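Structure first, then comments.
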Amino acid sequence: MRTLRVAAARTGGAGLLLLLALSAGLDGEDAPPAPEGFSWKRVESLKASFLMPDGWHFKQEEQHGARAFFFTLEDIDKAGRFETGLSVNVQTLKRDKAPERAAQFVLGMMQAHEVLDQWAKEVGVMKIFGCRVRETEKDHPPLIIHVLTVANERSNTLYLMMFESPEASWDAAWAKGRVMLEKFLLDDEV
């Protein structure tokens with residue numbers, strides 16, 4: 001098994017530099033040590049691992065061939081929703097090409113909301129598009145959404161990752177969200 005290791009680091013400019021490297025034989029048990037205050041959450045169905053802050057909640061769902069995974073501050077089962085957290089939606093596409101769908105999704109987010117940042121990167125079979133937007137809706141406080149899409153050309157799998165939090169608590173939330181999106185492990189065969 002070859003696992004894609006994804007790490008992101010802020011550059012000096014407004015963009016986000018994405019660094020990807022393939023590691024042979026890396027699985028959930030061989031993941032690098034988790035940063036303090038985090039642990040690795042292995043998602044076997046994806047052959048993937050994500051960093052999850054201590055005390056946060058995990059939930060997974062599947063509908064119409066799409067799988068959704070939620071890493072949230074709030075317990076979705078108790079509250080029925082969440083305000084702060086990372087959602088990961090994964091779908092293997094049958095007709096559309098994953099990179100095209102990834103780019104379209106990010107473009108749609110940028111057209112619908114105030115754009116704070118945007119980027120694109122290509123590494124091997126993975127095409128990455130992202131943006132950070134400010135969502136404002138009547139009768140709701142502003143929300144910041146950090147969108148990262150990863151499209152695997154080989155398997156035609158699309159990963160849509162969105163970390164979101166109310167703008168008023170964004171800085172504290174992003175301290176955790178940044179770590180969650182800096183390092184995660186994806187198998188490039190999935």
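All of the numbers you see were taken from the coordinates with simple rules; none came from a lab. Every value quoted in this text rests on a predicted model; they were computed, and no experiment measured them. Backbone-built Cβ (ideal geometry, glycine too); neighbour counts: all protein chains shown.
Hey, rough spin-label estimate for residue 42 and residue 59, points 7 angstrom out along Cα→Cβ, what's it come to in nanometres?
So the label points at residue 42 and residue 59 sit 2.5 nm apart.
So how do 113, 146, 140 line up by other beta-carbon neighbours within 10 Å, fewest first?
Ranked by crowding around the Cβ, least crowded first: 140, 113, 146.
Give me the extension gain from residue 96 to residue 123: residue separation times 0.36 nm, minus the current Cα-Cα distance, reported in nm with one decimal.
On the way: separation 27, 0.36 × 27 = 9.72 nm, distance 2.02 nm.
Gain in length upon complete extension: 7.7 nm.
Using per-residue counts of other Cβ atoms within 10 Å, averaged over each peptide, order 120-126, 55-61, 91-97, 181-187 from highest down. Please list the in-between numbers first.
Details: 120-126: 16.9, 55-61: 14.0, 91-97: 12.4, 181-187: 21.4.
Going by the mean number of other Cβ atoms within 10 Å, highest first, we get 181-187, 120-126, 55-61, 91-97.
Arrange 143, 107 by Cβ neighbour counts within 10 Å, fewest through most, would you? Numbers along the way, then the final one.
Values: 143 19, 107 13.
The fewest-first ordering by Cβ neighbours comes to 107, 143.
Distance between Cα centroids, region 113-139 to region 80-111: provide it in whole Å.
10
Once the piece of chain linking residue 68 and residue 138 is laid out straight, how much longer is it, given 0.36 nm per residue of separation minus the C-alpha distance between them?
Working: separation 70, 0.36 × 70 = 25.20 nm, distance 2.72 nm.
Additional length available on full extension: 22.5 nm.
Straight-line reach from residue 121: which lysines have Cα under 18 Å away, leaving out those fewer than 8 places along the same chain?
Hits, sequence-local ones excluded: 97, 183.
Taking N as the number of residues in region 58-152, what is its alpha-carbon radius of gyration divided by 2.2 N^0.38 Å?
On the way: Rg = 14.7 Å, N = 95, 2.2 N^0.38 = 12.4 Å.
Expressed relative to 2.2 N^0.38 Å, the Cα Rg reads 1.18.
Would you kindly derive the ³J(HN,Hα) couplings of region 153-163 from the backbone phi angles with the Karplus curve 6.51 cos²θ - 1.76 cosθ + 1.60 (θ = phi - 60°), listing them in order in whole Hz, with x for Gly and Pro?
Karplus-based 3J(HN,Hα) across region 153-163 equals 5, 5, 9, 6, 9, 10, 10, 10, 10, 9, 9 Hz.
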